[in-house]
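The values are calculated or read from the model by the stated rules, or taken from the named source; none is laboratory data. Only a predicted model underlies this, so the values are computations on that prediction, with no experimental measurement involved. Here the Cβ positions follow ideal geometry from the backbone for every residue, glycine too, while neighbour counts run over all protein chains shown.
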Amino acid sequence: MAVIGKIRERSGLLIGIVGGALVLFILGELLSNRGVGRKDAVLGTVGDEEIGVMAFEQRVNDEVESYRNDFGQTVTAEMTEQVRNSVWNELVRENVLMPQVLDAGFSLSPGEYDDIRFGDNILPDFRNPNFQGADGQPDKAKLKQYFSDVQVNAPVYHQIQKRRIQENRLYAKYNTLVKKSCFVNSAQARDEFAAKNTRATFNFVAKRYDSEPDSLYAVSDKDLRRFYDQHKNDKKYRQKASRRFEYVLFPVTPSEADRILGQRELSELKPNFETTDNDSGFVVANSESRTYSKVPYTEGTADKVNDSLIVNAAVGTVIGPYFDGQQWKLVKVKELADVPEARVRHILLSTQQGKGDEEQKGRADSLLAVVKKDRSKFGDLVTKFSDDPGSTGNGGVYEWFDKTRMVPEFTKASFDEKVGAITIAKTTYGYHIVEVLGQRTRQERRVVTIERTVKPTPATFKEVYKKANDFSLRNKTAVAIKAAAEEQGLTLTPVEEFRPDARFIPGLQEPNTTISWVNRAEEGEVSEPLEAGDNYVVAILTRIRKEGVPELEDVRELFTKEAAKEKKAEAYLAKMQGKTDLNALATELGVTVQSANDVVYNGFSIPGGYGEFEVLGKIFALQNGNTSVPLKGDNAVYVVTMNTLTAAPEATDVTTDKESLQSRLQARAENGVFNALREAIGVQDNRSLYY
């Protein structure tokens, strides 16, 4: 449950926000980033095109209302967030890809639009059982009627659906053109053939960087600065915009006063519940679940005292309120019903898994004749013939059950026949030889329940808010917050790398308020209490990382580790230099000589768990019998002796390789082209400032 709507307090000031004032406040916040004279706040840009907040929200609202009104769905906050993401991605795609589609000359005529909906080239989305005819093929009349019904009865969804069908069709045309333009020539295919058929067998010694602790290779500030200056512009270290923050959670849990209040509310309902003539309406109106359900009461469900009261109460009696889990309950005994029960034993001859119907029917007739003649054989026949694993261990017996438990045919054989009768029942499982062992009537006590979960009241929210607010006001540094959290027994949760487009925070329910604050805060800023479900959050923003080249502090830990690895590599290279006897080198390093057999040139790793692209390329440059100089890799330094290098045979027919290479190229083309266009045009996503 969201905290909004509860009483707030900040520095002793009670602030009430109502009706239009709240709307104006929200709009003011939303539009506060507008420039002078701007008609709309800018949510983001795609190239030179701006995406306005109001236009974006209109599109989101249309889709949300379509879910709610056209499909009768309950739209949750999570669902709304999914719609926002979907709409954003659609708008980016429209602005990135649609200009390319139109420049290429693609269009969609009304005739083609109808053709892919209910013509001869129906889209795969509509080739489903809902629109099939008797022959299993798409029924054009059904489809035409469907689209007509959507247009009349769900006009908003009709527009959304129409736009998506048309756009996706145009994108498909463009992507087909891109894929068809992908070409692999014979020279590329021969290279591919050679790469996967050139093989090598070699021995090697590897001195892994993780074989020694980093502490043996101390990195000074000067070493770190030098490594940083050399590598800060490397593509692999390019930094995406993110923020680091820490937060303390203040859960709002029901107090004893809240618990007593819940009990009092149900106690006040009890007299009316006892006298009402409309139990269903009364329960729906007053129970938290808003549902009326008459259910059998199982003895032992309630606590000992109330269980005894329910079990012995007359029809119409209301018991409670009593506390169960986190709920107060009022239970009304609605009726005492006579429930017929049967006890039977059976032998199942299954007609599933390829067993013939006629064969099993004949076997069932034979077994029926045997057990009718001599019932003492029933148990042995269960063990020998029955295909029901659920009852064979119990002599085929099903203990007392009512008429709702079994399939109709089995129920008929169990209840319509007299005790002692043995008959055959045919069900979807197969043939059952059923003997009725007993029949009885059990009295079932059925109840209806009003239940309410104990929830924190506004007064409780206010108390927790005051505690969180005091924490926020008194602690203004990360050190102070950590110390105060430890002193008060609160958990301080760090979030190391929070991206602007992230929509979830570990450990938080309904984190939108916190997300919005994090994306707007200044470094070192401490928040006031923020809503997060049934909790308040106090957060401190400890670091802002900008996109591009990282600051030293952003990568200090990573670069210190990498600088230590560089020092290890230099030391290992020096120690292994000029060593060609692998056995002697292995002994000196305290490792073993390893073998790599039949390694292919286009492989990704050296056997033994070493992912080494560059090192593998250098190994294949060795001649048979040659030993390499020390080779610096990502995981270790290597010295390698080539045993056998086998060149690929002459490629006589590379058709298969050409097709395979082209297929892989085409599979990557669609996303590759879109991502390249997106990067070239530039996309600025400012949603984090608004949601």
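Could you please find all residues in the stretch 461-509 being part of a strand (DSSP E or B) and either modelled with pLDDT of 95 or more or surrounded by 16 or more Cβ atoms within 10 Å (Cβ to Cβ) (or both)?
492, 493, 494, 495, 498
Contact annotation: residue pairs with Cβ atoms under 6 Å, 6 or more positions apart or on different chains, pairing a residue in the stretch 39-65 that is under 24 Å from residue 679 (Cα atoms) with a partner that is surrounded by fewer than 20 Cβ atoms within 10 Å (Cβ to Cβ) and among the β-branched types (Val, Ile, Thr), are 46/92; 46/683; 47/681; 50/42.
Only one entry of 429, 398 meets the criterion of being surrounded by 12 or more Cβ atoms within 10 Å (Cβ to Cβ) and under 30 Å from residue 302 (Cα atoms), and that entry is 398. In the stretch 527-579, the qualifying residues are those that are among the small types (Gly, Ala, Ser) and part of a strand (DSSP E or B), and the one that is farthest from residue 628 (Cα to Cα) is 539. Residues that are of a type outside the set (A, V, I, L, M, F, W, C), free of Cβ contacts under 8 Å to residues at least 24 places away in the same chain and not assigned by TED's automatic domain parsing to the domain that holds residue 231 do not occur anywhere in the stretch 570-590.
So if I check each of 555, 637, 615, which one is closer than 11 Å to residue 204 by Cα and either surrounded by 18 or more Cβ atoms within 10 Å (Cβ to Cβ) or polar (S, T, N, Q) (or both)?
On the way: 555 fails: closer than 11 Å to residue 204 by Cα; 615 fails: closer than 11 Å to residue 204 by Cα.
The conditions single out 637.
When residue 368 is tested against the conditions (1) out of contact with any strand residue (DSSP E or B) (no Cβ under 7 Å at 6 or more places or on another chain); (2) in a helix (DSSP H, G or I), the lone failure is (1).
Just to verify a result, which residue in the stretch 646-691, among those that are in a loop (DSSP other than H, G, I, E, B) and in contact with an Asp or Glu (Cβ under 8 Å, 6 or more places away or on another chain), is surrounded by the fewest Cβ atoms within 10 Å (Cβ to Cβ)?
Only one residue tops the list, namely 651.
Taking the stretch 618-630 as the range and being surrounded by fewer than 21 Cβ atoms within 10 Å (Cβ to Cβ) and closer than 21 Å to residue 598 by Cβ as the test, the residues that pass are 618, 620, 621, 622, 623, 624, 625, 626, 627, 628.
Yes/no matrix, rows are residues, columns are (1) farther than 30 Å from residue 327 by Cα; (2) surrounded by 13 or more Cβ atoms within 10 Å (Cβ to Cβ); (3) touching a strand residue (DSSP E or B) at 6+ places or on another chain (Cβ under 9 Å):
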site: 378; (1), (2), (3): yes, yes, yes
site: 382; (1), (2), (3): yes, yes, yes
site: 385; (1), (2), (3): yes, yes, yes
site: 405; (1), (2), (3): yes, yes, yes
site: 441; (1), (2), (3): yes, no, yes
site: 448; (1), (2), (3): no, yes, yes
site: 456; (1), (2), (3): no, yes, no
site: 459; (1), (2), (3): no, yes, no
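To keep it simple, each residue is scored yes or no on (1) surrounded by fewer than 17 Cβ atoms within 10 Å (Cβ to Cβ); (2) more than 30 Å from residue 103 (Cβ to Cβ); (3) assigned by TED's automatic domain parsing to the domain that holds residue 573.
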{"site": "166", "(1), (2), (3)": "yes, no, no"}
{"site": "175", "(1), (2), (3)": "no, no, no"}
{"site": "186", "(1), (2), (3)": "yes, yes, no"}
{"site": "206", "(1), (2), (3)": "no, yes, yes"}
{"site": "209", "(1), (2), (3)": "no, yes, yes"}
{"site": "214", "(1), (2), (3)": "yes, yes, yes"}
{"site": "225", "(1), (2), (3)": "yes, yes, yes"}
{"site": "230", "(1), (2), (3)": "yes, yes, yes"}
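For the stretch 381-440: of the residues being among the β-branched types (Val, Ile, Thr) and assigned to a loop (DSSP other than H, G, I, E, B), which is farthest from residue 361 (Cα to Cα)?
By that ranking, first place goes to 404.
Restricting the stretch 232-244 to residues that are surrounded by 13 or more Cβ atoms within 10 Å (Cβ to Cβ) and out of contact with any strand residue (DSSP E or B) (no Cβ under 9 Å at 6 or more places or on another chain) leaves a set whose member that is farthest from residue 492 (Cα to Cα) is 232. Tallying residues that are in contact (Cβ under 8 Å) with a residue 12 or more places away in the chain and either among the hydrophobic types (A, V, I, L, M, F, W, C) or surrounded by fewer than 17 Cβ atoms within 10 Å (Cβ to Cβ) (or both) within the stretch 112-129 yields 8. When residue 75 is tested against (1) surrounded by 13 or more Cβ atoms within 10 Å (Cβ to Cβ); (2) assigned to a helix (DSSP H, G or I); (3) under 24 Å from the mean Cα position of the chain (by Cα), just one condition goes unmet, and that condition is (2).
From the list 610, 536, the lone residue that is at pLDDT 95 or above and within 46 Å of the chain's Cα centre (by Cα) is 536.
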